[in-house]
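> Take a look at the following structure, please.
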Amino acid sequence: MQAAYFEGRETFRVSDCVPVEPGNGQVQIRVQYCGLCGTDLHLFHGAMAHRLTLPHVMGHEMSGTIAAVGAEVSGWKTGDRVTVRPLDPCGACPACAAGHSHICHNLKFIGIDRPGALQGLWTVPAHTLHRLPDELDMRQAAMVEPIAVACHDVRLSEVAAGETAVVIGGGPIGILIALVAKTRGARVLLAEVNDFRVKLARDLGIDAVNPRGADLAALVGGRTGGAGADVVFEVSGSQAGAEMMTKLPRTRGRIVVVAIYGEAPKVDLFRFFWRELKLAGARVYEAEDFERAIGLAASGALPLERLITGVVPLEGLTGGMRQMERGGDCMKILVSL
């Protein structure tokens, strides 16, 4: 079995690895596909270096089958098709005690704080597993984790059928949020500055616009009779997005901040006061979001194959990262193990 070891300085080493035998409460997974995401690219560029122990194995968007089951694990057997919700909470902090273990004060994110899925055999806690139905293609199953992000964001937004939702940012997560919101009957407008992504969104049935060529606030106002959007999702992580998100909602509208910012943005708090806006942060996901994501993926309701730009072998990992950093016409890169 091989693994991709990140050695820092934008360098991977692909070599043999010694599989970790599953201990009590653990399972070993034979990884089939692993998706690359923005977090992986940030790690590649040196972000969050203090959380990594080099050489480090990245990866947390995956699909695979159980290869071995450790002691004190029930309900799982060799050969089961699974994906992993890569969160390992402490179980003892105030957030965990309140039932919010996904935002545990001491949360360990598997793939960052602990070795991830870019290895042939991956050992994880059994409590992270979610079962994949037989009808779900394993390529598409590797998309479940980002779909779960979108499901969590949309659930927290409380968007309802017939409401107007605006998504600022049309990367993989932004497009998935738009698609998931549409499954709930929302009228969705996506704003994205990359013309390739605008065209892709339109091809997928999403109403999309490049805000560089349009007055987004006026457009939303015109479509809502001057009221404004019911929900705005800020997914761009840009100062421009942070400024725009307060201009778009109706009175008592909702804003969900999905993006992670490199530095604290300026936000128009007066607009919050003036329109009594509601702001929610959305971080990762909960078990119900994974189950919802698996159901959507298996149902064929989401055009997942259209979001997969390409599949590379483990030896092509660096090339996949370079393709992602160029942006342009890239959405989701999968690694085949």
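The values are calculated or read from the model by the stated rules, or taken from the named source; none is laboratory data. Because the structure is predicted, anything quoted here is derived from the model rather than measured. Cβ sites come from the backbone with ideal geometry, for glycine too, and all protein chains shown count toward neighbours. All accessible areas refer to the heavy atoms of the entire protein, side chains included, with ligands and DNA or RNA removed. Shrake-Rupley method; radii C 1.70, N 1.55, O 1.52, S 1.80 Å.
> Exactly one of (1) of a type outside the set (S, T, N, Q); (2) open to solvent by 60 Å² or more (accessible area, probe 1.4 Å); (3) part of a strand (DSSP E or B) is unmet by Arg306. Its number?
(3)
> Being crowded, with 18+ Cβ neighbours inside 10 Å, on the phi < 0 side of the Ramachandran plot and either assigned to a helix (DSSP H, G or I) or not hydrophobic (A, V, I, L, M, F, W, C) (or both) is the filter here; which residues of the range 225-251 pass it? Can you show your working first?
Step one: list which residues in the range 225-251 are crowded, with 18+ Cβ neighbours inside 10 Å, which gives 228-237, 241-242, 244-246, 248-250.
In the following step, the residues that additionally are on the phi < 0 side of the Ramachandran plot were identified as 229-236, 241-242, 244-246, 248-250.
Across the range 225-251, the qualifying residues are Asp230, Glu234, Ser236, Gly241, Ala242, Met244, Met245, Thr246, Pro249, Arg250.
> If I ask for residues that are on the phi > 0 side of the Ramachandran plot and touching a helix residue (DSSP H, G or I) at 6+ places or on another chain (Cβ under 7 Å), which ones from the range 135-189 would you list?
Gly169
> Go through (1) farther than 25 Å from Leu176 by Cα; (2) outside any loop (DSSP other than H, G, I, E, B); (3) open to solvent by 40 Å² or more (accessible area, probe 1.4 Å); (4) out of contact with any helix residue (DSSP H, G or I) (no Cβ under 7 Å at 6 or more places or on another chain) one by one and return the number of the condition Val18 breaks.
Of everything listed in (1) farther than 25 Å from Leu176 by Cα; (2) outside any loop (DSSP other than H, G, I, E, B); (3) open to solvent by 40 Å² or more (accessible area, probe 1.4 Å); (4) out of contact with any helix residue (DSSP H, G or I) (no Cβ under 7 Å at 6 or more places or on another chain), Val18 misses just condition (2).
> In the range 87-108, is there at least one residue being buried (at least 24 other Cβ atoms within 10 Å of the Cβ) and either part of a loop (DSSP other than H, G, I, E, B) or of a type outside the set (D, E, K, R) (or both)?
Within the range 87-108 (the criterion being buried (at least 24 other Cβ atoms within 10 Å of the Cβ) and either part of a loop (DSSP other than H, G, I, E, B) or of a type outside the set (D, E, K, R) (or both)), the answer is no, since none of the residues qualifies.
> If the Cβ limit is 9 Å and pairs must be 6+ apart or interchain, which residue in the range 304-329 that is within 22 Å of Lys199 (Cα to Cα) pairs with which residue that is of a type in the set (D, E, K, R) and part of a loop (DSSP other than H, G, I, E, B)?
Leu304/Asp137; Glu305/Asp137; Thr309/Asp329
> Is it true that Asp153 is modelled with pLDDT of 95 or more, closer than 18 Å to Glu305 by Cα and acidic (Asp, Glu)? Show your work before the answer.
Details: modelled with pLDDT of 95 or more: yes; closer than 18 Å to Glu305 by Cα: no; acidic (Asp, Glu): yes.
The answer is no for Asp153.
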